[in-house]
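Visitor: Quick one: the structure is below, and I'll ask about it shortly.
Any read-out appearing in this document is the output of simple, stated calculations on the displayed coordinates, not a laboratory observation. What you see is a predicted model, and the numbers here were worked out from it, not measured in a lab. In this analysis, Cβ positions are derived from the backbone assuming ideal geometry, glycine residues included, and neighbour counts consider all displayed protein chains.
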Amino acid sequence: MPRVDASNVEVLVYTFKEGLLSAVAHDLKIRVERCSVEVEPEHIVATFDTRSLKVVTAMRDGVPSSALLSPMRAEIEKNIVTDVLDAARFPEARFETTAIGPTEVEGDLVLKGVKRHLRAAWRRDGSARVAEFTLDQRDFGIRPYSAMLGTLKLKPEVKVTVRLSA
C-alpha cells in the first residue's frame, strides 16, 4: 500500500468560538504537523499524531487575523495537546475508510479511544483530493474548551479539512 506523509497531506482543524465573551476570542485554524496516510484505490488508512497540533492563525469572519500573539499560541497548543486531546494517553488518531465514492467518503475515526463512523464531502481540487468533515467533540468524549465560567468557550463542532496531494 503506498504511504504518504505530512509533506503530501495537509490536515487543518477549524474551531469556532461562542459564548457571552466570544467577541474577545478567536476562531482558530490549526494544523496537524505529523501524519501518514496509506492509500489504495478503494481504501485509505490515515494516522495523525495528536501531539503535533500547531495553531496556524486566529480567524475573524473566516479571514486570517494577526491578533494571536506567540505566548497565546503556545498556551493554546499546550491546552489542545494536554487537556483537550490527552495526547499522553492517546498519542494517535486513526481514520480508516469503509466506502469511497466520487463525492463522498466514509469511514471510522478513532479519537481519544472512541470510535465513530463519519461521512464527509469528497472532491477533486486540481491533482489533490479534499475531504471536509464536521466533528462534534462530545461524540469522542471531549468536553469543548471553556474559560471564564463558561462565558468564553468553543462550539462543540469543529471542521476538519484533509487535502491529499497526488
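Visitor: Using 0.36 nm per residue, how much length does the chain from E10 to T98 gain when fully extended, once their Cα-Cα distance is taken away?
Guide: Answer, rounded to one decimal: 29.6 nm.
Visitor: Using a cut-off of 10 Å between beta-carbons, work out the net charge of the residues near L135 (Lys and Arg +1, Asp and Glu -1, L135 not included).
Guide: 0
Visitor: Also: Grab the other residues whose beta carbon is less than 15 angstrom from that of A67, score K and R as +1, D and E as -1, and report the net. Can you show the working numbers first?
Guide: Details: positive: K17, K29, R60, R73; negative: D27, D61, E75.
Neighbourhood net charge equals +1.
Visitor: If you take every DSSP beta bridge whose two residues both sit in the chain, what share of them, in percent to the nearest 5, is antiparallel?
Guide: In the chain, DSSP labels about 100 percent of beta bridges as antiparallel.
Visitor: Restricting to Cα atoms and excluding each atom paired with itself, what does the Kirkwood estimate give for the chain in Å?
Guide: It works out to 16.5 Å.
Visitor: Would you mind computing, in nm to one decimal, how far apart the modelled labels at H43 and A74 are, each placed 7 Å from Cα along Cα→Cβ?
Guide: So the two model labels end up 4.5 nm from each other.
Visitor: What pairs in K112/K153; K78/K112; K54/K159; K54/K78; K29/K159; K29/K112 have C-alpha atoms more than 18 Å from each other?
Guide: On the way: K112/K153 20 Å; K78/K112 16 Å; K54/K159 15 Å; K54/K78 9 Å; K29/K159 10 Å; K29/K112 21 Å.
Those over the limit are K112/K153; K29/K112.
Visitor: Across the chain, where is the longest run that never hits GluC sites (Glu not before Pro) in a DSSP loop with at most 13 other C-beta atoms within 10 Å?
Guide: 43-166
Visitor: Let me ask another. Let's see if you can work this out: charge +1 on each Lys and Arg Cβ, -1 on each Asp and Glu Cβ, no other charges. What is the dipole magnitude of the chain about its Cα centre, in debye to the nearest 20?
Guide: About 400 debye.
Visitor: In addition: Tally Lys and Arg at +1 and Asp and Glu at -1 over the other residues with C-beta under 9 Å from the C-beta of Y145: what net charge comes out?
Guide: Values: positive: R143, K153; negative: D83.
Overall, the nearby charge balance is +1.
Visitor: Taking 0.36 nm per residue of separation and subtracting the Cα-Cα distance, what length does fully extending R123 through E157 add?
Guide: Gain in length upon complete extension: 10.1 nm.
Visitor: Is there a quick way to get the dipole size of the stretch 76-166? I mean about its Cα centre, with the Cβ of Lys and Arg at +1 and of Asp and Glu at -1; what is the value in debye to the nearest 20?
Guide: The dipole magnitude comes to about 120 debye.
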